[in-house]
Ligand SMILES: [Zn+2]
């Protein structure tokens, strides 16, 4: 069993983390105070607990209400910069050496910012965070479009426009049922023509058709969650038989951005021990471990890895595998990925 210090020190790679789902409770309080936004709790610990309880409640309305508050306090350049900088500092303190953090620019326009101003604010915040973080970290942006809205093409163009300014990819998020990824086919086809990278939230609330569309119709490089791929695997103890789609995902090494604690809150898995990540890792899918919404799940990369270690008896060798899987799957150029694997991840695990 590893010590908490070891888990914290281990270099970790994070591909699926929402900027508006990872604020510090005290920052939410301060920013809300500045703009007169009413919050359900007045002290940071109680507010932090409220976020986790609401996300745990099983009620979609209560879950979505949590984001109403975080998004409400992220409507000015200064507020966004602060949140982005603290995000990077918190991840670095948790031992994350590379992170792709996503958010939907279209949700930060209510006080008059333009899409470009939002992306610039996040970039400045990330740069500040990287400069002052207690440990070295590389942080990049993914721009998300909301799947129930109609701005995906515009956001895809924004991601391409900022590809040399800290944005490394595109994503769609939001309610899966009723909003298949093929609704945004024009955006995905545009990104493919531009040789750009994207991931799609698929196979969390909704099953195999959503995963199949994301990969075979839309051309997703990675799957956000993808837990329901388990529905295409016939398994009994150590014997497993893969359906065509599951085999395709594994054989093509399509990265699965798995977020164990978040999946428990949305009901995509009943417990960590029953989470498909155990079987999928055993079957050598390209599995990565992620946080999704650190504030709403009260979690961190260290906590997610610790929960998995407890449930599946994972050790340092498994952590190394997750980190390298994730780094191989990052959207930055291959040589930059390799540099982090060879100069940061492998040396640490070799000496621990
Ligand atoms: Zn997510």
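No lab work stands behind these numbers, since they all come straight from the coordinates. Keep in mind that this is a model prediction, so the values were computed, not measured. Heads up, the Cβs are rebuilt from the backbone with ideal geometry, glycines too, and the neighbour counts pull from every protein chain shown.
Among the helices (runs of 4 or more DSSP H) lying completely within the range 276-352, list those that include at least 2 residues that are under 18 Å from residue 94 (Cβ atoms) and touching a residue at least 40 places away in the same chain (Cβ under 8 Å).
Values: elements: 277-282, 294-297, 301-312, 316-328, 334-340, 346-350.
So the answer is 294-297, 301-312, 316-328, 346-350.
Condition first: closer than 24 Å to residue 289 by Cβ and away from the ligand (no atom under 16 Å from the Cβ). Now tell me which residues in the range 17-48 satisfy that.
So the first thing to find is which residues in the range 17-48 are closer than 24 Å to residue 289 by Cβ, and the list is 17-25, 48.
Answer for the range 17-48, where residues must be closer than 24 Å to residue 289 by Cβ and away from the ligand (no atom under 16 Å from the Cβ): 24, 25, 48.
Given 133, 99, 92, 84, which one is surrounded by 18 or more Cβ atoms within 10 Å (Cβ to Cβ), within 16 Å of residue 22 (Cβ to Cβ) and out of contact with any helix residue (DSSP H, G or I) (no Cβ under 6 Å at 6 or more places or on another chain)?
92
Condition (residue is more than 16 Å from the ligand (Cβ to nearest atom), exposed (fewer than 14 other Cβ atoms within 10 Å of the Cβ) and in a helix (DSSP H, G or I)) applied to the range 8-16: is it met by at least one residue?
Looking through the range 8-16, none of the residues is more than 16 Å from the ligand (Cβ to nearest atom), exposed (fewer than 14 other Cβ atoms within 10 Å of the Cβ) and in a helix (DSSP H, G or I).
Determine whether residue 268 is within 28 Å of residue 11 (Cβ to Cβ), within 13 Å of the ligand (Cβ to nearest atom) and part of a loop (DSSP other than H, G, I, E, B).
yes
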